[in-house]
1. Can we say ALA140 is surrounded by 18 or more Cβ atoms within 10 Å (Cβ to Cβ), more than 24 Å from HIS177 (Cα to Cα) and touching a residue at least 40 places away in the same chain (Cβ under 8 Å)?
2. Name the single residue, out of those in segment 105-131 being at pLDDT 70 or above and among the small types (Gly, Ala, Ser), that is farthest from THR176 (Cα to Cα).
3. Please verify whether segment 146-162 includes one or more residues that are assigned by TED's automatic domain parsing to the domain that holds GLY79, touching a residue at least 24 places away in the same chain (Cβ under 8 Å) and either part of a loop (DSSP other than H, G, I, E, B) or among the small types (Gly, Ala, Ser) (or both).
Amino acid sequence: MVGEEAVDFFGLLGQGIWGSVKALYDGTVAVLPGIAVALILLFIGYVVALVLKRVVIEIIKYLKIDHFLDSHELPHAIGGVSFSSLIGELVKWYVLVLFLAQAVGFLSLNVLADFMSVLVHEIPLVLGAILLLAVGFYLARYVRNTINKTSYPKKDTFGVLAEVLVMYLVVVMALTHVGFDTTILVEAFRIAFTVLVVVIALIFGIAFGLSFKKDIKNFVMELRKGF
């Protein structure tokens, strides 16, 4: 009796293991074509992305945009990266994301497919924000360099302040472009700018008063004599 129960137990256990192995095998066989297609798409996408990156870089170099930026010492504003390399990388990653989204569709993974759909929708905004930051930082450095070429005694200080100011505005614009609420940043800038204007006005007012202190004193004395 005990032997029969043991045989039945091991028989059920064997059937369960076999059923699990068979289900795993069937599932693997079912997804293998999708995995193969996804890998092929990813490989094609990688090749296409590299080709387009090279094409974009050569076009920008042909237009001599890099040369113009180098002549004005602007690439240092984004860590010395050339404009052509930056745009090439943005194009490469955009193409890779597009092919990745298509590849995921063949894996029958609905959650991942939905995520990739959202990513495909959002990635142009992110890449556009990066491009906006780069152009804005170029502009900020150009303003700083222009100020530094003047003969004003405090040109270095004002150059840095001007660059930071432009960079701040560009960062706010980039965050707004992506979809962030930048109300606090805008209000902070407005308050800081107002305080800065007041401080500058006080400095110039005090400097003006000190410069004409003697003349003002003589003018007051003349007024008193008249009375």
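The values are calculated or read from the model by the stated rules, or taken from the named source; none is laboratory data. Computed from a predicted model, the values in this text were never measured in an experiment. For neighbour counting, all protein chains shown are included, and Cβ atoms are generated from backbone atoms with ideal geometry for every residue, glycine included.
1. Values: surrounded by 18 or more Cβ atoms within 10 Å (Cβ to Cβ): yes; more than 24 Å from HIS177 (Cα to Cα): no; touching a residue at least 40 places away in the same chain (Cβ under 8 Å): yes.
No, not satisfied.
2. The selected residue is GLY105.
3. Going through segment 146-162, the residues assigned by TED's automatic domain parsing to the domain that holds GLY79 turn out to be 146-162.
Checking the rest, the ones that are also touching a residue at least 24 places away in the same chain (Cβ under 8 Å) come to none.
No, segment 146-162 contains no residue that is assigned by TED's automatic domain parsing to the domain that holds GLY79, touching a residue at least 24 places away in the same chain (Cβ under 8 Å) and either part of a loop (DSSP other than H, G, I, E, B) or among the small types (Gly, Ala, Ser) (or both).
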